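The values are calculated or read from the model by the stated rules, or taken from the named source; none is laboratory data. Bear in mind the structure is a predicted one, so any value in this text is a computation, not a measurement. Accessible surface is based on the protein model in full, side chains and every heavy atom, while ligands, DNA and RNA are left aside. Shrake-Rupley method; radii C 1.70, N 1.55, O 1.52, S 1.80 Å.
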Amino acid sequence: MMRGLSILSWPILLLFSAIMTGCGGNAALVRDREDVPVLQGSGKALVYLSSGIDNKGNLFVGDHVTQPILSLVLDPPVKVLEKGVLVEKTVFSPIGNDRFFTLPAGRYGLAFVASLAGGVNNATYQLGKPNGRWVIDFEVKEGDVLYLGHWHFTPDRQDLNKAQLNIRVEDRFDQIATDLRKDLNEQEPGRGDRLVRRLVVPSRTSIPLTAMPANTP
């Protein structure tokens with residue numbers, strides 16, 4: 001069974017590997033809050049999100065929640081000045097968790113969720129764009145300082161013929177807002193006062209997996 005799953009998982013694994021390899025230049029664009037000392041006039045915004053994925057089930061070892069790696073796509077792409085040259089950017093990956101990120105103004109969709117469970121039973125999920133809309137998407141404007149919520153993912157593969165990824169967005173703003181505002185104001189006076197809660201609303205609460213997740217025994 002595992003050998004069959006591994007074969008089915010190769011297309012997604014190779015696609016995700018290609019994205020990870022091809023977006024090395026994005027590292028200069030996706031940084032923490034220290035990247036932009038002054039937001040106004042920069043063409044960028046700050047967003048804060050956290051995320052978790054349940055590493056459990058009949059194909060996982062352990063029973064705990066870990067932080068996935070998230071890949072965002074810019075839709076439509078934008079041109080960004082890098083070393084004096086305009087470069088078109090579409091994919092921003094990997095996105096870590098529990099921190100602020102600097103992103104160019106624009107609309108984003110969550111394309112991939114990668115689970116790294118200590119190097120065992122890793123999995124990559126492609127969310128795609130069902131019904132013409134990303135399952136999770138959001139827009140940022142220049143100067144925004146946004147809290148986007150906690151994105152939680154739960155793979156459900158009890159029935160291997162109907163595997164799916166369940167999605168929910170939790171609001172943890174009240175628990176962390178005081179510390180977030182303090183950190184922001186230390187970076188730039190008054191920045192913490194601009195922090196706004198803007199939870200994303202998933203277009204679907206679950207998505208079927210078109211191919212089995214990539215598993216590494």
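Within the stretch 45-59, can one find any residue that is modelled with pLDDT of 75 or more and open to solvent by 70 Å² or more (accessible area, probe 1.4 Å)? Give the derivation first.
Taking the stretch 45-59 first, the residues modelled with pLDDT of 75 or more are 45-54.
Keeping just the survivors that are open to solvent by 70 Å² or more (accessible area, probe 1.4 Å) gives none.
Within the stretch 45-59, none of the residues are modelled with pLDDT of 75 or more and open to solvent by 70 Å² or more (accessible area, probe 1.4 Å).
Note on the stretch 191-217: among residues that are β-branched (V, I, T), farther than 13 Å from I167 by Cα and part of a loop (DSSP other than H, G, I, E, B), the one that is modelled with the highest pLDDT is T210.
For the stretch 183-204, filtering for residues that are open to solvent by less than 60 Å² (accessible area, probe 1.4 Å) and over 14 Å from L39 (Cα atoms) leaves 4.
Give V73, V113, V85 a once-over and let me know the one that is at pLDDT 80 or above and open to solvent by 40 Å² or more (accessible area, probe 1.4 Å).
Working: V73 fails: open to solvent by 40 Å² or more (accessible area, probe 1.4 Å); V113 fails: open to solvent by 40 Å² or more (accessible area, probe 1.4 Å).
Within the list V73, V113, V85, the selection yields V85.
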